[in-house]
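The values are calculated or read from the model by the stated rules, or taken from the named source; none is laboratory data. All values derive from a computational prediction rather than experimental measurement. Here the Cβ positions follow ideal geometry from the backbone for every residue, glycine too, while neighbour counts run over all protein chains shown. Surface areas here come from the heavy atoms of the whole protein model, side chains and all, with no ligands, DNA or RNA. Shrake-Rupley method; radii C 1.70, N 1.55, O 1.52, S 1.80 Å.
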Amino acid sequence: MTATMLSGKDLAAAIRTETATRAAALAEAGTPVTLAVVVATADESSAWYVRSIAKAAEKVGITCDIVRLGADATPDAIRATLAGLSADDAVHGIILQTPLPAGAALEDLAGAIAFGKDVDGANPLSLGRLAAGLPAFAPATAEAVVTILDHYGIELTGRHVAVVGRSTVVGKPVAHLLLDRHATVTICHSRTKDLAAITSTADVIVAAVGRAGLITAEHIAPGAVVIDVGTNPTPDGGLAGDVDPESATPTAGALTPVPGGVGPVTTALLLSHTVQAATSPNT
Ligand code: NAP
């Protein structure tokens, strides 16, 4: 058996096309859509990610305002900037880029992002509402996982999904989205005993760990679907997933590539959320 590659590229392009149409209609009606990205880091891979958001935004007709506060910005300065953008009617979506300066925590500061503009689901209120089954923007990466599974017609009802990783950015929100889809969800983390014994009973594995190549054939049931969220920089300037593709491919039924899987769908959904925020500001 060789795993089918679940590319995210065509799906991302379809989402971008729809987003561009909606952004153009909003601009025509007098609401040019704007996404603000607040950056308080000198981190190189973060800079690469911010550039890729800005480029993608431009392509769909969304203005991307990059607000650079410097790597020594204080938590108070970051909070004040987020509050200012939240009160600005010309700004529809707000992202606080990580990593943050020492002493600043995303879950603390993101509370200053207005709920209706929280297009990457960083405000704890968004995660709480998601958990309660109320409308909220999910973190784009978590939503990308479920969007890819839907796009490829992978059934979730009654199936066992093992999520590896419990961060508030990916693991926890994706678990809520999967529960909403009637999957039986097991969340694994660094203290999980015998990870392979659990993941190898799953129909679907979502790897969101941040350890290149952690998931190998021994973690995967024959024919299982594997969604690789990991984006780990490699010494040659490339990206490696949390799944070792060489080991996993002969066993898995389907696998998302890195790059070209979850990443492009995440960016496309972020922009789609921004248009949604501009359409109904009190979502
Ligand atoms: P994170 O906050 O560092 O969380 C990692 C999670 O993995 C933690 O829950 C940790 O457990 C768990 N973990 C660590 N080592 C483990 C092990 N050996 N076995 C089982 N679980 C283990 O990372 P994150 O922000 O969720 O990101 C995860 C990955 O996704 C990273 O590679 C990141 O770059 C990538 N990512 C990609 C996108 C995208 O658009 N494609 C977006 C966001 C993130 P504990 O909780 O016990 O520490």
The residue that is farthest from Val225 (Cα to Cα), considering only those in segment 246-264 that are buried (at least 20 other Cβ atoms within 10 Å of the Cβ) and touching a Pro at 6+ places or on another chain (Cβ under 9 Å), is Val258
Residue by residue through segment 236-258, note down the ones that are farther than 17 Å from Val170 by Cα and within 16 Å of the ligand (Cβ to nearest atom).
-> Gly237, Gly238, Leu239, Ala240, Asp244, Pro245, Ser247, Ala248, Leu255, Pro257
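Across segment 131-170, which residue is most open to solvent (accessible area, probe 1.4 Å) among those that are within 14 Å of the ligand (Cβ to nearest atom) and in a loop (DSSP other than H, G, I, E, B)? Write out each step before concluding.
As a first pass, look at segment 131-170 and keep what is within 14 Å of the ligand (Cβ to nearest atom): 138-148, 162-170.
With the extra rule that they be in a loop (DSSP other than H, G, I, E, B), the set shrinks to 138-139, 165-170.
Values: Ala138: 4, Pro139: 5, Gly165: 11, Arg166: 109, Ser167: 50, Thr168: 61, Val169: 66, Val170: 19 Å².
Selected residue: Arg166.
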Counting only residues that are open to solvent by 30 Å² or more (accessible area, probe 1.4 Å) and assigned to a loop (DSSP other than H, G, I, E, B), segment 71-99 contains a total of 8
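Of Ala224, Ala217, Ala207, Ala197, which residue is crowded, with 23+ Cβ neighbours inside 10 Å, more than 9 Å from the ligand (Cβ to nearest atom) and either acidic (Asp, Glu) or in the same structural domain as Thr147 (by TED's automatic domain parsing) (or both)?
Working: Ala217 fails: crowded, with 23+ Cβ neighbours inside 10 Å; Ala207 fails: more than 9 Å from the ligand (Cβ to nearest atom); Ala197 fails: crowded, with 23+ Cβ neighbours inside 10 Å.
Result: Ala224 is the single residue among Ala224, Ala217, Ala207, Ala197 that is crowded, with 23+ Cβ neighbours inside 10 Å, more than 9 Å from the ligand (Cβ to nearest atom) and either acidic (Asp, Glu) or in the same structural domain as Thr147 (by TED's automatic domain parsing) (or both).
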Unmet requirement for Pro173, which otherwise passes all of (1) within 21 Å of Leu134 (Cα to Cα); (2) away from the ligand (no atom under 12 Å from the Cβ) = (2)
Considering only segment 182-231, give the strands (runs of 3 or more DSSP E) lying wholly within it that have at least 2 residues that are in contact with a Lys or Arg (Cβ under 9 Å, 6 or more places away or on another chain) and under 30 Å from Ser45 (Cα atoms).
-> 184-188
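Select, from Leu134, Leu82, Leu125, the only residue that is under 25 Å from Gln276 (Cα atoms), out of contact with any Pro (no Cβ under 8 Å at 6 or more places or on another chain) and touching a residue at least 40 places away in the same chain (Cβ under 8 Å). Before the answer, list the steps.
Numbers: Leu134 fails: touching a residue at least 40 places away in the same chain (Cβ under 8 Å); Leu125 fails: touching a residue at least 40 places away in the same chain (Cβ under 8 Å).
The unique qualifying residue is Leu82.
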Output the residue which, of all residues in segment 44-61 that are touching a helix residue (DSSP H, G or I) at 6+ places or on another chain (Cβ under 9 Å) and over 18 Å from Ala140 (Cα atoms), is surrounded by the fewest Cβ atoms within 10 Å (Cβ to Cβ).
-> Lys59
Those residues that are more than 16 Å from the chain's Cα centre (by Cα) and of a type in the set (Asp, Glu), I need them from segment 219-237; list them, please.
-> Asp236
Considering segment 11-43 alone, what residues qualify as being of a type in the set (Val, Ile, Thr), surrounded by 17 or more Cβ atoms within 10 Å (Cβ to Cβ) and either free of Cβ contacts under 8 Å to residues at least 60 places away in the same chain or within 18 Å of Ala268 (Cβ to Cβ) (or both)?
-> Ile15, Thr19, Val33, Thr34, Val37, Val38, Val39
